[in-house]
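Structure first, then comments.
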Amino acid sequence: MKNLKYIIVLLTAASTFISCKKFLTIDPINAVSDENPIFDKTSSETALRGVYRQLASSGYYGEGYVTLGYFPSGDIKNLTTGGAANLVNVNFRADDTNFNTAWSAIYITINRANNVISKVPKVQDPLLTQQLKDQYVGEAKFIRALAYFDLARAWGGVQIVLEPTTSLENRREVKRSTLDETYAQVLKDLEDAEQLLPSTLNRIRATKRTVWALRARLHLYKKEWALAEEYATKLINLSTDYTLIKPYSAWFAGNAVGTSESVFELEYSAINPSAIRAQMQHPTNGGTYRYAPNDRFVQLLNNPNISGGRKALIGSVTQGGTTIWFGNLYYRLPATDPAYIFRIAELYLIRAEARAHLDNLSATTGALFDLNKVRERAEILPSTAVTQADILLAIENERRVEFAFEAHRWFDLARTGRAKAVLEALDQNTHVEDYEYLFPIPITQIQLDHSLDPNPGYSGK
């Protein structure tokens, strides 16, 4: 792949991990290829830092991949003449640069992780102890697992590459694996990472607990309900460290960064800003305002019986007597809002859905208990759902509002097979084809790599 030809790793001024925060926020001073050797503790840390940086890049969790989760949700409107218009209308095209940007960013992340996984164990430096080697490799394996999971839920089975690649010339041709094989690789990396990582509280670096969060999500997608419940419970039971805080806005507004709501998030800084804020905020707040919640979703978020405190996810300005609404999850200036990868609210709703499928609907020990914990934090009344089908629908609707501007809504509708029914009911001009439950493999990647097969249905798109 062309995106693997020149792989960039950010060097930083620091030579050691003085603190977790410093690890991610020191200024980059220059760039080198992944061919740069990993030969001691400092270069190992630099390489691992590059993996996190790429995970947070504008093509991945810094904006590109996240928007693939909410552009086709039925809740967003496009405010430009191009860009996201086809995504918002669920008119997925293989030549859409949004798909290629995200795909490329994820594979660069994987390549950087491969670099750490392959080279760090061979380093001979007394300062790089076996415990640190295990930790760094474990972090890289977790990030690689997350990257392959994100590819799989978006595109289905993908090419699995487990060795670092520096150019097209030294890359072996790799056919696409099946979805099951791709998820199996995710699980293998998570099992390895769980053995290597410490079980400590850290909201900005991978630990054993971060592995549990992704395992809960993975098992939900695979419909392995008992395992999804088990791994969600591991985190929910750590109630001293992970809590649903009030008011709803407390986990992202004000000076709150890395609150007890957060299981894992990515940091940004003035010299390494998040791209999402500019695109969502109105020009009066220094934004470019390229996309926004549509009128239907604004009405939903302003409904106190449905949204409650989640109204804080949107803001407004009045111009010429007209109220203009915008997304307000990313609001800081400079754009230092974190990228929220796992929140404890998601673990409650994962467990609720798993318990509902296991026919444990109880309001005291089952699905309704978990659903109502999220609703109570949002300051709305307990759910009146009774049957399994009604509770599952209530959970789906709760996730829609709870994760309005996070990378969930489209993937939720796709994994449950409900995208067509839900989105066509919302808008008669929206038509979802069966093959569109998976995104198209970017045409740029197919042209560059003849071993890469397209997803069915997109030959004419």
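Just a few scattered comments:
- Selection count where residues are in a loop (DSSP other than H, G, I, E, B), within 20 Å of the chain's Cα centre (by Cα) and under 23 Å from N360 (Cα atoms), scope the stretch 233-242: 0
- Set side by side, the residues E173, E163, E230, E265 differ, and just one is over 17 Å from the mean Cα position of the chain (by Cα), charged (D, E, K, R) and under 30 Å from E436 (Cα atoms), which is E173.
- Qualifying residue in the stretch 262-276 (condition: among the small types (G, A, S) and at pLDDT 95 or above): yes
- One residue from L168, L162 being at pLDDT 95 or above and assigned by TED's automatic domain parsing to the domain that holds I110: L162
- Of the residues making up the stretch 351-385, those that are of a type in the set (A, V, I, L, M) and buried (at least 19 other Cβ atoms within 10 Å of the Cβ) are A352, A354, A356, L361, A367, L368, L371, V374, A378, I380, A385.
- Pairs are defined by a Cβ separation below 6 Å, a sequence spacing of at least 6 or placement on different chains, a first member in the stretch 182-204 that is more than 24 Å from T259 (Cα to Cα) and of a type outside the set (F, W, Y), and a second member that is modelled with pLDDT of 95 or more and part of a loop (DSSP other than H, G, I, E, B); the pairs so defined are T182/G157; T182/V158; Q185/I160.
- Residues that are part of a helix (DSSP H, G or I), touching an Asp or Glu at 6+ places or on another chain (Cβ under 8 Å) and aliphatic (A, V, I, L, M) within the stretch 382-412 comprise L392, I395, listed in sequence order.
- Only one entry in A354, A363, A404 is at pLDDT 95 or above, outside the structural domain of V158 (by TED's automatic domain parsing) and within 30 Å of W325 (Cα to Cα), namely A404.
- Residue check, L361 out of contact with any Lys or Arg (no Cβ under 7 Å at 6 or more places or on another chain), under 24 Å from G308 (Cβ atoms) and assigned to a loop (DSSP other than H, G, I, E, B): yes
- Among all residues of the stretch 148-156, there is at least one that is in the same structural domain as Q54 (by TED's automatic domain parsing) and more than 15 Å from the chain's Cα centre (by Cα).
- Scoring A345 on the criteria (1) within 19 Å of the chain's Cα centre (by Cα); (2) hydrophobic (A, V, I, L, M, F, W, C); (3) not in a helix (DSSP H, G or I) leaves a single failure, condition (3).
- Here E379 does not qualify as closer than 29 Å to A292 by Cβ, within 19 Å of the chain's Cα centre (by Cα) and among the acidic types (D, E).
Residue by residue, here is whether (1) crowded, with 16+ Cβ neighbours inside 10 Å; (2) in a loop (DSSP other than H, G, I, E, B); (3) of a type outside the set (V, I, T) holds:
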position: L244; (1), (2), (3): yes, yes, yes
position: A250; (1), (2), (3): yes, no, yes
position: A256; (1), (2), (3): no, yes, yes
position: T259; (1), (2), (3): yes, yes, no
position: F264; (1), (2), (3): yes, no, yes
position: Q279; (1), (2), (3): yes, no, yes
position: Y289; (1), (2), (3): yes, yes, yes
position: V298; (1), (2), (3): yes, no, no
position: L333; (1), (2), (3): no, yes, yes
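- Residues within the stretch 420-449 that are touching a residue at least 24 places away in the same chain (Cβ under 8 Å) and either over 24 Å from the mean Cα position of the chain (by Cα) or in a helix (DSSP H, G or I) (or both), tallied: 15
The values are calculated or read from the model by the stated rules, or taken from the named source; none is laboratory data. Note that this is a predicted model, so its numbers are computed, not measured. Quick reminder, even Gly has a Cβ in these numbers, built from the backbone with ideal geometry, and neighbours come from all protein chains shown.
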